[in-house]
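Working notes, beginning with the structure itself.
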There are 4 protein chains.
Amino acid sequence: MSKPEIGIGLVGSGFMGRCHANAFRSVAGLFDVPAEPRLRVLADASDEQAAQAALSLGFARGTGDWQDLVADESVDIVAITAPNVLHAPIAHAAIAAGKTVYCEKPLSTTAALALEMTEAAEASGIVTLVGFNFLRNPMIKLARDIISSGEIGEVTGFRGRHAENYMADPDVPHSFRTDPQGGGAVADIGSHIISMARYLVGPIARVQADCRTIHRTRPKAPGASERAPVEVDDMTHALLRFNSGVSGSLEANWAATARTMDLSWEISGTKGAMAFTQERMNELQLWSGTQGRSGYTRIESGPAHPPYGQFCPAPGHHLGFNDLKVIEVAELLAAHSGGPACGPDFREAYEVQRTVEAMQASHAEREWVCV
Amino acid sequence: MSKPEIGIGLVGSGFMGRCHANAFRSVAGLFDVPAEPRLRVLADASDEQAAQAALSLGFARGTGDWQDLVADESVDIVAITAPNVLHAPIAHAAIAAGKTVYCEKPLSTTAALALEMTEAAEASGIVTLVGFNFLRNPMIKLARDIISSGEIGEVTGFRGRHAENYMADPDVPHSFRTDPQGGGAVADIGSHIISMARYLVGPIARVQADCRTIHRTRPKAPGASERAPVEVDDMTHALLRFNSGVSGSLEANWAATARTMDLSWEISGTKGAMAFTQERMNELQLWSGTQGRSGYTRIESGPAHPPYGQFCPAPGHHLGFNDLKVIEVAELLAAHSGGPACGPDFREAYEVQRTVEAMQASHAEREWVCV
Amino acid sequence: MSKPEIGIGLVGSGFMGRCHANAFRSVAGLFDVPAEPRLRVLADASDEQAAQAALSLGFARGTGDWQDLVADESVDIVAITAPNVLHAPIAHAAIAAGKTVYCEKPLSTTAALALEMTEAAEASGIVTLVGFNFLRNPMIKLARDIISSGEIGEVTGFRGRHAENYMADPDVPHSFRTDPQGGGAVADIGSHIISMARYLVGPIARVQADCRTIHRTRPKAPGASERAPVEVDDMTHALLRFNSGVSGSLEANWAATARTMDLSWEISGTKGAMAFTQERMNELQLWSGTQGRSGYTRIESGPAHPPYGQFCPAPGHHLGFNDLKVIEVAELLAAHSGGPACGPDFREAYEVQRTVEAMQASHAEREWVCV
Amino acid sequence: MSKPEIGIGLVGSGFMGRCHANAFRSVAGLFDVPAEPRLRVLADASDEQAAQAALSLGFARGTGDWQDLVADESVDIVAITAPNVLHAPIAHAAIAAGKTVYCEKPLSTTAALALEMTEAAEASGIVTLVGFNFLRNPMIKLARDIISSGEIGEVTGFRGRHAENYMADPDVPHSFRTDPQGGGAVADIGSHIISMARYLVGPIARVQADCRTIHRTRPKAPGASERAPVEVDDMTHALLRFNSGVSGSLEANWAATARTMDLSWEISGTKGAMAFTQERMNELQLWSGTQGRSGYTRIESGPAHPPYGQFCPAPGHHLGFNDLKVIEVAELLAAHSGGPACGPDFREAYEVQRTVEAMQASHAEREWVCV
């Protein structure tokens, strides 16, 4: 007996759009999902672009009008990978249509808009999920389980960072990223380490941040010789106090010349500590008093760390980035079908965005700001 | 205009069967393949098992009879992940039917049978591919390109290993792996490092090996209290001489307690050196005289190393094991549709098997054996 | 013809006292020093203790009175490893006697006292050196040379830390470290990473710090059941702005459960970056655009990095902590004999202390404080 | 009350001579030695050279005649760092004079000569020590203790290597190293990994080796344009069988382009495993079943691993290469004064040399050779 089907509508076909499409294609062969996703509609900037992307990514049809997609009755889940400014209107339309909404981060361009989206979604009772994909790593789940178990005692300190080099070159031109609505490095990648800090250590009570623009002008457009001023940060350092009293620090940096994915943290507790970097995403470093030896133990991902076993029954066979997206989609499908709630939902994404904005305000005011 | 379709028949639905199915599902959304794979028939030990697996992996139908699968006209590619003893009969049938054959390693249980399969395939002119998936890693291609470019000079030495721990426990029972036809550690995982040595450094001229059985009895079956003697090696160390004169060593070890995937090597050349381990499959260590500094440089996988870019346009987002299988399938589809030949084909797999048997003979004779 | 002699007087024979003694014993066999150090007088808490330590460390005589040591005409260099509260009186006496003064960090218990010591030393024109020994590492000198050369472009960011675990256990009792005059973690080890930040990136203009006491009481004394409140920090996180405009962050933490010596930093520049940790003190990670490859290169210490060659003519033979002290002493002897000035001198140590106090003030005021 | 004195005579003042001198100078301030070493006589190739070296290294006098040194009644310990061909005559003279003999490795140029030296020393009952300094590392002692304790079960496999790059350049000229009496890479550095294998796993029963000369000619002398053939190996790979039945492999390679000190090994046991490399000499990797987690734990050197604590009371402060020599000398002084025997003595060094020669014979015969 075959499984029920669930119709997927995808808005956008760039980097993340392709990841979504791949995840929806793969998930049913890897996870015991309650329903079989069907790639029904892909919306893009024009009909031609959409038709082309639909063909390449395996969707039944394309459309240049996302409203057409939202209105399509065969679409059950609306996946939003469109430019950030479009997240709000698309999500509101999808919420109004009662669809499950799966949105890339950031939820919106401001926390205020994100809150509106959150309240609308909560009022309608729909399932929401925001794509903070790095949280899906079995090693991150393991880290949270270790904290919950008390194995490292009470958490005392957090030190996190998300540093990459994609804006290190001063001749990388302006784009949505450097638009004040984009929010700069602290919003673009700072949000990842904020979401991970919240996932592992809990809510952040107050922040004190120092935002800095390294390259004060950039070409107006790709290849343009004319340059325009940059109004967003390239690098932000922040002090953190969590609700629990834990103190810590955080860096967001998109001009970190030697780094391509230093999404990393160390968490100290009274009885142990853990360290992680996305540069070696299949490893978690753990020291706990129960070991009786000095020095971190390098835990390798394996079937002992669900849902790794869905991908491979043997340890030592690494997961990759795209697998994280498959895990995300598996949890989404389960939640859509009445299974356990999956997170981060819109509200959690709003909280991340509030934290980003608190950092920006703190920088402007040059003082601590409560989130 | 949609792409032509290509029918997939898969024999077996275990570890590797699932990997194949996932790869065929995913590939068209990631690579610009010449034809769209359709999952048509899955064969397994019984009709029930096959029907169940077909449903779970997304095949149109299941069958308990692999001959039914091979005979199905809608099947263009026969993918073999059945027990090793079945590789030969299935492959011969598929060759006779003019299908493309995609077979898991080892090609067969003996080099003699593998040679028969190779000669049959070559006589019929069909496309063949054997699943030495670790070769698909962009970092391994990069290593070969670096050697070809002369950047590390003339290769002088090779030191390789494939060590895992899945048979380290003496109570792991007998299975196909410990059957003399299975060939022991040297065949099961030694073949991976042999294939990689050949891929990077070229053919091996002669070997001198020392095979050892660490656990001399194992339970007759899972949970059995009765034990039977083990006739295959748990660990083999070997000296190598390549056709080029390069000397080296190799270890195959399935009882390496601390290791889950130490498929690793160091290659020295007159002007530089490289090191790799599958434990960190997204990294290649390179030192070359052109650097002017001591110490290895850690090259991270990224779009500069095709086909990484098919999975992600940004560096720092790791590939995982299943992605290697997708790359394998993409190359297979291209070759099937008249594109460039893909390897390792049956003949290459036969050469690997000959090398394994030369090691076993060398151990028995206690002397160097020419391959 | 033998070298002139230079008389050494050492106050204190604990951890650092032993290091000093060893360095003075070893240096003349390793470096071409202008004068041969002679271990003349060792002062300690009592005559008995001093006599015992003098015998064990090879000094000609011991004394329970440091003033006796300072007054001894055969003593040319006064090395101070006494408790911090004694640094000022001993130094002032030694300055008055025209001796060269070699003092362990911190220079004194407050910046105000440190300034008095600095001014007295400068007025008298004596040679001073403060034992920030980690700066002596050839890899740290290399890092500074690389920055000066422009190889990593203009420095943009600094992220530093000194984390250890020696106070992680809440039952570690009160001692001079937890005395408010001791200054807590930010003074005890924060001073090391501050001195390194200044050495590599230059003066720090302003700071914003968050100091936290994790264990709010500790036993009054070793083995005591009675506990007293702790008034100093266990962990401090701080934001930094350097005079050059570079922004960064810093952590001092003596309750970092998994760490024994995480004195580490990453420095990003517009054209490259470097990373270092004292946990692997013989390695420097460098990425620079001139490499043409992604990823850090691991530079190993060797004769190319003076004064490594004084210890060993071949690379790959590591320096250890005590060797750093030998280097320090070699530079001190050269400066004492009229050679190039060696740093960090009293003024530099005062600047470090001012920065520590600015952090403490910033925490108290909850705002940025200019140094 | 001061300690008794012990007179040191040192033959040779090169790389190792300087290490010896430094160790004898430092040891009494670090270890509680039974006697105070006094640097009495230094012998070198000529009186002038010796006088100069004596001054620089702190010896009371120099001599161009090592027989003069051996005959000096104030010399209790004769330390031999002269060219290998002189080891035998100097040692025999020192043995005849009843001195303690401390000789650099290799003990002599042939196993036969080494045996004569061993038998002479044993007949006279003197204390001997051969400078396999890497064995002095507290991490190596820890490894042996872990094996003895049974924590990793019964040892099953050994994989070792000593690879450096000092002969990688084909224009490095002939020297004592490439003299057939020098023995090539297998003797020069292979002996280090052989001694470590014996120290950790026990005697080696038989070997099968493959020696290879990469650079078949070298300049006759530094700067010479004329080249002469090379008759020794640059690289040797060998199979090993230990007396205990353990099997393994070993590589000696002085043309390993990227390596400066890859003296490394992995030892697998039935219940755990360990790995070590001299490149990170202050770390030992351990996995044992008692940990309950996958992956190696990185044990850092510290006071828990004697005699680390003699150098520093706190963990995280690394030992360096020269410290290993100090440990060696401390053990020698204790043995000289009637304390516990220290190893490796002449007999052990002879056994190492026998193993080297068995490898060379095995290569020549192309078969297994019993040691």
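Does at least one position in the range C:157-164 carry a residue that is open to solvent by 10 Å² or more (accessible area, probe 1.4 Å), out of contact with any Gly (no Cβ under 7 Å at 6 or more places or on another chain) and among the small types (Gly, Ala, Ser)?
No, the range C:157-164 contains no residue that is open to solvent by 10 Å² or more (accessible area, probe 1.4 Å), out of contact with any Gly (no Cβ under 7 Å at 6 or more places or on another chain) and among the small types (Gly, Ala, Ser).
Being charged (D, E, K, R) and in contact with a helix residue (DSSP H, G or I) (Cβ under 7 Å, 6 or more places away or on another chain) narrows it down to one residue among B:Glu365, B:Glu357, B:Glu331; which is it?
B:Glu357
Among the candidates A:Val155, A:Val186, A:Val130, single out the residue that is more than 26 Å from A:His318 (Cβ to Cβ), within 15 Å of the chain's Cα centre (by Cα) and touching a residue at least 40 places away in the same chain (Cβ under 8 Å).
Numbers: A:Val155 fails: within 15 Å of the chain's Cα centre (by Cα); A:Val130 fails: more than 26 Å from A:His318 (Cβ to Cβ).
After ruling out the rest, the residue left standing is A:Val186.
What residue, of D:Val101, D:Val85, D:Val127, is in contact with a strand residue (DSSP E or B) (Cβ under 6 Å, 6 or more places away or on another chain), away from chain B (no Cβ under 14 Å) and open to solvent by 30 Å² or more (accessible area, probe 1.4 Å)?
D:Val127
How many of the residues making up the range C:135-156 are open to solvent by 10 Å² or more (accessible area, probe 1.4 Å), hydrophobic (A, V, I, L, M, F, W, C) and away from chain A (no Cβ under 11 Å)?
Final tally of qualifying residues: 3.
So in the range C:60-75, with the set limited to residues that are open to solvent by 50 Å² or more (accessible area, probe 1.4 Å), of a type in the set (Asp, Glu) and not in a helix (DSSP H, G or I), which one is farthest from C:Leu113 (Cα to Cα)?
C:Glu73
Does B:Ser225 meet the test of being open to solvent by 10 Å² or more (accessible area, probe 1.4 Å), touching a Pro at 6+ places or on another chain (Cβ under 8 Å), not hydrophobic (A, V, I, L, M, F, W, C) and not in a strand (DSSP E or B)?
The answer is yes for B:Ser225.
Identify, by number, the condition in (1) out of contact with any Lys or Arg (no Cβ under 7 Å at 6 or more places or on another chain); (2) at pLDDT 95 or above; (3) not hydrophobic (A, V, I, L, M, F, W, C) that D:Glu328 doesn't meet.
For D:Glu328, the exception is condition (1).
So is D:Thr236 assigned to a strand (DSSP E or B) and in contact with a helix residue (DSSP H, G or I) (Cβ under 9 Å, 6 or more places away or on another chain) or not?
Considered against the rule, which asks whether it is assigned to a strand (DSSP E or B) and in contact with a helix residue (DSSP H, G or I) (Cβ under 9 Å, 6 or more places away or on another chain), D:Thr236 comes out as yes.
So B:Phe321 ticks every box in (1) surrounded by 22 or more Cβ atoms within 10 Å (Cβ to Cβ); (2) touching a strand residue (DSSP E or B) at 6+ places or on another chain (Cβ under 8 Å) but one. Which box is left unticked?
(2)
Yes or no: the range C:327-339 includes at least one residue that is touching a Ser or Thr at 6+ places or on another chain (Cβ under 6 Å) and open to solvent by 50 Å² or more (accessible area, probe 1.4 Å). Write out each step before concluding.
Taking the range C:327-339 and keeping what is touching a Ser or Thr at 6+ places or on another chain (Cβ under 6 Å), we get C:336.
Checking which are open to solvent by 50 Å² or more (accessible area, probe 1.4 Å) leaves us with C:336.
Yes: one or more hits.
Would you confirm whether or not the range C:24-39 contains a residue that is over 21 Å from D:Arg18 (Cα atoms) and either in a strand (DSSP E or B) or in contact with a Pro (Cβ under 9 Å, 6 or more places away or on another chain) (or both)?
So far as the range C:24-39 goes, yes, one or more of its residues are over 21 Å from D:Arg18 (Cα atoms) and either in a strand (DSSP E or B) or in contact with a Pro (Cβ under 9 Å, 6 or more places away or on another chain) (or both).
If I filter the range C:303-310 for residues that are within 11 Å of chain D (Cβ to nearest Cβ), open to solvent by less than 50 Å² (accessible area, probe 1.4 Å) and not small (Gly, Ala, Ser), do I get at least one hit?
yes
Search the range D:1-22 for residues that are farther than 20 Å from D:Asp65 by Cβ and of a type in the set (Val, Ile, Thr) and pair each with any residue that is modelled with pLDDT under 95 and assigned to a strand (DSSP E or B) when their beta-carbon atoms are under 7 Å apart and the residues are at least 6 apart or on different chains.
Cβ pairs passing all conditions: D:Ile6/D:Glu36.
Does A:Ala45 qualify as being within 14 Å of another protein chain (Cβ to nearest Cβ) and either touching a residue at least 60 places away in the same chain (Cβ under 8 Å) or of a type outside the set (Lys, Arg) (or both)? Spell out the reasoning first.
On the way: within 14 Å of another protein chain (Cβ to nearest Cβ): no; either touching a residue at least 60 places away in the same chain (Cβ under 8 Å) or of a type outside the set (Lys, Arg) (or both): yes.
No.
Do we find a residue being in a helix (DSSP H, G or I), without any contact (Cβ under 8 Å) to a residue 60 or more places away in the chain and open to solvent by 10 Å² or more (accessible area, probe 1.4 Å) anywhere in the range C:356-364?
yes
Give D:Ala21, D:Ala93 a once-over and let me know the one that is surrounded by fewer than 24 Cβ atoms within 10 Å (Cβ to Cβ) and outside any loop (DSSP other than H, G, I, E, B).
D:Ala93
When the residues of the range D:234-252 are narrowed to those that are buried (at least 18 other Cβ atoms within 10 Å of the Cβ) and more than 10 Å from chain B (Cβ to nearest Cβ), which ends up nearest to B:His215 (Cα to Cα)?
Ranking the qualifying residues of the range D:234-252, first place goes to D:Phe242.
Go through (1) open to solvent by 20 Å² or more (accessible area, probe 1.4 Å); (2) more than 9 Å from every other protein chain (Cβ to nearest Cβ); (3) touching a strand residue (DSSP E or B) at 6+ places or on another chain (Cβ under 9 Å) for B:Lys271 and report which single condition fails.
It is condition (2) that B:Lys271 fails.
With the structure loaded, tell me whether C:Ala256 is aliphatic (A, V, I, L, M) and more than 7 Å from every other protein chain (Cβ to nearest Cβ) or whether it fails that test.
Answer is no for this residue.
Quick check on D:Leu30: is it surrounded by 22 or more Cβ atoms within 10 Å (Cβ to Cβ), under 19 Å from C:Ser2 (Cα atoms) and either of a type outside the set (S, T, N, Q) or in contact with a Ser or Thr (Cβ under 8 Å, 6 or more places away or on another chain) (or both)?
no
Only one residue in D:Ser294, D:Ser264 is more than 7 Å from every other protein chain (Cβ to nearest Cβ), open to solvent by 10 Å² or more (accessible area, probe 1.4 Å) and among the small types (Gly, Ala, Ser). Which one?
D:Ser264
Hey, does the range A:343-356 have a residue that's more than 9 Å from every other protein chain (Cβ to nearest Cβ) and modelled with pLDDT under 95?
yes
So if I check each of C:Glu231, C:Glu283, which one is touching a residue at least 40 places away in the same chain (Cβ under 8 Å), within 14 Å of chain D (Cβ to nearest Cβ) and among the charged types (D, E, K, R)?
After applying the criteria, what remains is C:Glu283.
Across the range C:181-214, what is the total count of residues that are touching a strand residue (DSSP E or B) at 6+ places or on another chain (Cβ under 9 Å) and either outside any strand (DSSP E or B) or at pLDDT below 95 (or both)? Outline the logic, then answer.
Applying the first criterion (touching a strand residue (DSSP E or B) at 6+ places or on another chain (Cβ under 9 Å)) to the range C:181-214 yields C:184-198, C:200-214.
From what's left, either outside any strand (DSSP E or B) or at pLDDT below 95 (or both): C:184-198, C:200-203, C:213-214.
The number of residues fulfilling the criteria is 21.
Does C:Ala185 count as facing chain A (nearest Cβ under 9 Å) and within 22 Å of C:Met261 (Cα to Cα)?
The answer is no for C:Ala185.
The values are calculated or read from the model by the stated rules, or taken from the named source; none is laboratory data. Just so it is clear, the model here is predicted, and its values are computed rather than measured. All Cβ positions, glycine included, derive from the backbone under ideal geometry; neighbour counts span all protein chains shown. Protein only, heavy atoms only, side chains kept; ligands, DNA and RNA dropped before computing areas. Shrake-Rupley method; radii C 1.70, N 1.55, O 1.52, S 1.80 Å.
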